[in-house]
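S.K.: Below is a structure I'd like to ask you about.
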Amino acid sequence: SDSAIGIHDLSFATTGFVLPHTALAEHNGTDIGKYHVGIGQHSMSVAGADEDIVTMGAAAAAPIISRHGADQIRTLVFATESSIDQAKSAGVYVHSLLGLPSATRVVELKQACYGATAALQFAIGLVHRDPAQRVLVIASDISKYELDSPGEATQGAAAVAMLVTADPALVRIEEPSGLFTADVMDFWRPNYRDAALVDGQESITAYLQAVEGTWKDYQEQGGRSLEEFSAFCYHQPFTKMAHKAHRHLLNTCGYDTDESDIKRAIGQTTACNTVVGNSYTASVYLALAALLDHADDLSGRPVGFLSYGSGSVAEFFAGTVVPGYRAHLRTEAHREAIEGRRLLDYAAYRELHEWSFPTDGGDHPTPAQTTGPFRLAALRGHKRIYERR
Ligand code: CAA
């Protein structure tokens, strides 16, 4: 059934630096075909020393606040799996940087890459209860694996901010959802590590099992049939994963598949993720940004969303693109965010990868590197100090 609640505005931001996969391939002797074709990645966003999930999240949300004001925003939900504090929500720093009213509820949510979809569903629930309320959802992550590990080529970083309202201008989110949870150890990050651990092949199997599980539940809940969808936005740890997932869905529904069917269904959704890399919670909404920015007119058309978070939790749901949506897009700003990144060579990338604050609670200013609107200026007395540039 149609819901009149959904995504009213969507804006993304990424880091100030980019490493092309050609530089990584040259360093480790990998055939570039494995990266460009095998996993479908061309470059990855890399965070400068003064950039993190807060500076990216605030940069993504700032244009939304300038366009719509902060008046009716009474809740900010921040989804991440690369959290910077075990207690305080990253959203509180963003709330401060954006100057949001004190009469706001702020919280951080976590379930690997699935967190932003939980945030979106919570936001819809709140707006359903009070249609005058607007909820700011921010998904922000830096994906980091060990140097020279198989996961390294899938690193990336980005934040997506979404304003969730009644009578949205971009996408109406529908009921029902298909849900799936399974206790698997495919990807995790213990509290004492800043790089994730992953069982690569297990994670792909777990993802595909979740696609099947969510779709089965979505059908049982009375969801749309496969043929009704114009496009599918998948969580994209690497863009080839969206191909694998869609092929699996088509096979589950009894279709033989060729690559052109898959390209038609997901082709426009990979444009950002292939140059930004894995942005974890933001990834599936980066797929939506790419679709809206680059596809032919989708007015009135249903789009399928598959949100997957390792561990694992997944949700399949539909959204209908609102007629007239194109007047509200941020295509140019999104292009600039991607094209404005500064190119790293392998040595400079490695230095950033290895950079971290000492943990002595002293005064540790960060080098001024970001070109974004906000920066992490220092760690002082164990406190993260942010500033507007
Ligand atoms: N030209 C073209 N293709 C090539 C090639 C070449 N020269 N060399 C290899 N390939 C292909 C391989 O055939 C393979 O394709 P298929 O999967 O279609 O068979 C692909 O390139 C990758 O090759 P490998 O499987 O040998 O690669 P790998 O073992 O080194 O690592 C990976 C792949 C497991 C995905 C690894 O990058 C990884 O661990 N990534 C992190 C985990 C991850 O992203 N998992 C995804 C699901 S979990 C999830 O979604 C949550 C999340 O965000 C983490």
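S.K.: Under 27 Å between C-alpha atoms is the cut-off here; go through the chain and count lysine pairs that meet it, provided they're at least eight residues apart or on different chains.
M.R.: For the chain, qualifying lysine pairs total 20.
S.K.: Test of understanding: in a Gaussian network model of the chain with alpha carbons linked when under 10 Å, which of 281, 366, 117 would top the mean-square fluctuation ranking?
M.R.: 366
S.K.: Okay, moving on. For the chain, what is the charge dipole size about the Cα centre, in debye to the nearest 20, if Lys and Arg each add +1 at the Cβ and Asp and Glu each add -1 at the Cβ?
M.R.: Dipole magnitude for the chain comes out near 1000 debye.
S.K.: Between residue 251 and residue 371, how high is the FRET efficiency from 1/(1 + (r/R0)^6) when r is the Cβ-Cβ distance and R₀ = 51 Å? Nearest 0.05.
M.R.: 0.70
S.K.: In the range 119-179, if the dipole is taken from +1 on Lys/Arg beta carbons and -1 on Asp/Glu beta carbons about the Cα centre, which of 158, 147, 119 is farthest to the positive end?
M.R.: Checked the options; the winner is 119.
S.K.: Continuing with the same structure: Go through the range 278-291 residue by residue and turn each phi into a ³J(HN,Hα) via Karplus (6.51, -1.76, 1.60, θ = phi - 60°); whole Hz please, and just put x for glycine and proline.
M.R.: With coefficients 6.51, -1.76 and 1.60, one gets 6, 10, 6, 4, 7, 3, 5, 8, 5, 4, 5, 4, 4, 4 Hz.
S.K.: Taking θ = phi - 60°, what integer Hz values does the Karplus form 6.51 cos²θ - 1.76 cosθ + 1.60 yield along the range 35-40, in sequence order, with x for Gly and Pro?
M.R.: Running phi through 6.51 cos²θ - 1.76 cosθ + 1.60 with θ = phi - 60° gives 7, 5, 9, x, 10, x Hz.
S.K.: Helix-derived [θ] at 222 nm for the chain: sum -39500 (n - 2.57) over DSSP H runs of at least 4, divide by residue count, nearest 500?
M.R.: It lands at -9500 deg cm²/dmol.
S.K.: Please state the charge dipole magnitude for the range 125-165, taken about the Cα centre, from unit charges on C-beta atoms (+1 on K and R, -1 on D and E), reported in debye and rounded to the nearest 20.
M.R.: For the range 125-165, the charge dipole is close to 380 debye.
S.K.: Would you please give the FRET efficiency between residue 301 and residue 86, computed as 1/(1 + (r/R0)^6) with r the Cβ-Cβ distance and R0 = 45 Å, to the nearest 0.05?
M.R.: The pair residue 301/residue 86 has a calculated efficiency of 0.60.
S.K.: Still on this structure: Quickly rank 257-270, 307-320, 208-221 as a protection proxy: mean count of other C-beta atoms within 10 Å, highest first.
M.R.: Result, highest mean first: 307-320, 208-221, 257-270.
S.K.: Convert each backbone phi in the range 315-322 into a coupling constant with the Karplus relation 6.51 cos²θ - 1.76 cosθ + 1.60 (shift: θ = phi - 60°), then list the ³J(HN,Hα) values in order as whole Hz, x for Gly and Pro.
M.R.: Along the range 315-322, the couplings run 9, 10, 8, 10, x, 10, 6, 7 Hz.
S.K.: When the Cα centres of the range 181-240 and the range 37-104 are compared, how far apart do they sit, in Å?
M.R.: Answer, in whole Å: 24.
S.K.: For the range 248-307 and the range 316-343, write down the distance between their C-alpha centroids in whole Å.
M.R.: 14 Å
S.K.: Which residues in the range 122-150 place their backbone N less than 17 Å from a point set 7 Å from the Cα of residue 105 along the Cα-to-Cβ direction?
M.R.: What the label zone holds, given the 17 Å backbone N cut-off, is 122-138.
S.K.: I need the peptides 67-78, 333-344 ranked by packing, meaning the mean over residues of other C-beta atoms within 10 angstrom, with the highest value on top.
M.R.: Descending mean neighbour count gives 67-78, 333-344.
S.K.: Running a GNM on the chain with Cα contacts under 10 Å, which residue among 141, 52, 199 ends up with the highest mean-square fluctuation?
M.R.: 199
S.K.: Hey, another quick one. About its Cα centre, how strong a charge dipole does the range 1-144 have in debye, to the nearest 20, once Lys and Arg get +1 and Asp and Glu get -1 at the Cβ?
M.R.: In debye, rounded to 20, the range 1-144 gives about 360.
S.K.: Which residue, 164, 18, 184, has the most motion in a Gaussian network model of the chain that connects Cα atoms within less than 10 Å?
M.R.: Most flexible of the set in this elastic network: 184.
S.K.: Still on this structure, I have one more. Place +1 on the Cβ of every Lys and Arg and -1 on the Cβ of every Asp and Glu in the range 244-389, take the dipole about the Cα centre, and give the residue among 312, 374, 322 whose Cα lies farthest towards its positive end.
M.R.: After comparing all options, I get 374.
Each reported figure results from applying straightforward, stated rules to the coordinates on display, with no laboratory input. Note that the structure is predicted; figures quoted are calculated from it, not measured. Don't worry about glycine lacking a Cβ; one is built from the backbone with ideal geometry, like all the others, and counts go over all protein chains shown.
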